[in-house]
1. Just checking, does segment A:52-62 include any residue being out of contact with any Phe, Trp or Tyr (no Cβ under 7 Å at 6 or more places or on another chain), hydrophobic (A, V, I, L, M, F, W, C) and over 24 Å from B:LEU34 (Cβ atoms)?
2. Sort out which residues of segment B:30-48 are facing chain A (nearest Cβ under 8 Å) and at negative phi, and write them in order of number.
3. If I filter segment A:96-113 down to residues being over 17 Å from A:THR5 (Cβ atoms) and at pLDDT below 95, which single residue comes out as surrounded by the fewest Cβ atoms within 10 Å (Cβ to Cβ)?
4. Testing B:ALA70 on (1) among the small types (Gly, Ala, Ser); (2) surrounded by fewer than 14 Cβ atoms within 10 Å (Cβ to Cβ); (3) within 15 Å of B:ILE18 (Cα to Cα), one condition comes back false. Which one is that?
5. Just to check your reading of the model, which residue among A:SER74, A:SER51, A:SER65, A:SER79 is under 21 Å from B:THR45 (Cβ atoms) and not aromatic (Phe, Trp, Tyr)?
6. Quick one: B:ARG17 ticks every box in (1) within 14 Å of chain A (Cβ to nearest Cβ); (2) touching a Ser or Thr at 6+ places or on another chain (Cβ under 7 Å); (3) in a loop (DSSP other than H, G, I, E, B); (4) not β-branched (Val, Ile, Thr) bar one, so which box is it?
7. Pull out all pairs, ordered by first then second residue, where Cβ-Cβ is under 9 Å, the residues are six or more apart or on different chains, the first lies in segment B:5-32 and is within 20 Å of B:HIS113 (Cβ to Cβ) and of a type in the set (D, E, K, R), and the second is at pLDDT below 95 and surrounded by fewer than 18 Cβ atoms within 10 Å (Cβ to Cβ).
8. Any chance segment A:70-87 includes a residue that's at the interface with chain B (Cβ under 8 Å from one of its Cβ atoms) and in contact (Cβ under 8 Å) with a residue 40 or more places away in the chain?
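The values are calculated or read from the model by the stated rules, or taken from the named source; none is laboratory data. What you see is a predicted model, and the numbers here were worked out from it, not measured in a lab. Methodologically, a virtual Cβ is constructed for each residue, glycine included, from the backbone with ideal geometry; neighbour enumeration extends over all protein chains shown.
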Amino acid sequence: KAGVTQTPRYLIKTRGQQVTLSCSPISGHRSVSWYQQTPGQGLQFLFEYFSETQRNKGNFPGRFSGRQFSNSRSEMNVSTLELGDSALYLCASSLDPGNQPQHFGDGTRLSIL
Amino acid sequence: DQQVKQNSPSLSVQEGRISILNCDYTNSMFDYFLWYKKYPAEGPTFLISISSIKDKNEDGRFTVFLNKSAKHLSLHIVPSQPGDSAVYFCAERAGGTSYGKLTFGQGTILTVHP
């Protein structure tokens, strides 16, 4: 059974640009959550999607957004990139929001120059 | 406001001995608790979990203990193996509409020496 797939694995951008990250959940999983990992803040929840609807949102500015498609695949977008957005972005999936555990992909390493 | 704390940034253990990783939480709404292991350049891997209605759960070498009155969670690994060397995160889930949100501790780096 294939795991959670995130693309790309690595990305380098400059300040002010925007970026889109992609996540394909485990087959049959309908809930997708996104997390940001930084050395200073640790793993922080960004948002959660289920049935193409955002169910929960973490404490991040509006520059961070996401969406989910009918096949449960999800994308997150960060606009007007700042140096502090450099982080590992992790996607996790589960059967549905009430079902644990969440299974994580290997993440996208985003570096802002 | 850090709702989940792993107070030990690192832990060093000899192969074959017990590793005990600890986690404290403040939010009494948490109803489900998980431990993840993370190797460099990989995503977190689920290890073991426990519901708030239990105080212990075992899976092979891994046992998780939950003390709700103390708001304390611990992971015991017996016996420890060099392959267990990784960063360990505790994570908690609140109930209600926050089912899909996990709150993580800062992580503990476990090193198991041969």
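1. no
2. Our first condition is that a residue be facing chain A (nearest Cβ under 8 Å); within segment B:30-48, this holds for B:32, B:34, B:36, B:41-46.
Within segment B:30-48, B:TYR32, B:LEU34, B:TYR36, B:GLU42, B:GLY43, B:PRO44, B:THR45, B:PHE46 meet the criteria.
3. Result: A:LEU113.
4. Of (1) among the small types (Gly, Ala, Ser); (2) surrounded by fewer than 14 Cβ atoms within 10 Å (Cβ to Cβ); (3) within 15 Å of B:ILE18 (Cα to Cα), only one is false for B:ALA70: (3).
5. Details: A:SER51 fails: under 21 Å from B:THR45 (Cβ atoms); A:SER65 fails: under 21 Å from B:THR45 (Cβ atoms); A:SER79 fails: under 21 Å from B:THR45 (Cβ atoms).
Step by step, each of A:SER74, A:SER51, A:SER65, A:SER79 is checked, and only A:SER74 is under 21 Å from B:THR45 (Cβ atoms) and not aromatic (Phe, Trp, Tyr).
6. Unmet condition: (1).
7. B:GLU15/B:PRO114
8. Let us first name the residues in segment A:70-87 that are at the interface with chain B (Cβ under 8 Å from one of its Cβ atoms), namely none.
No, there is no match, as no residue in segment A:70-87 is at the interface with chain B (Cβ under 8 Å from one of its Cβ atoms) and in contact (Cβ under 8 Å) with a residue 40 or more places away in the chain.
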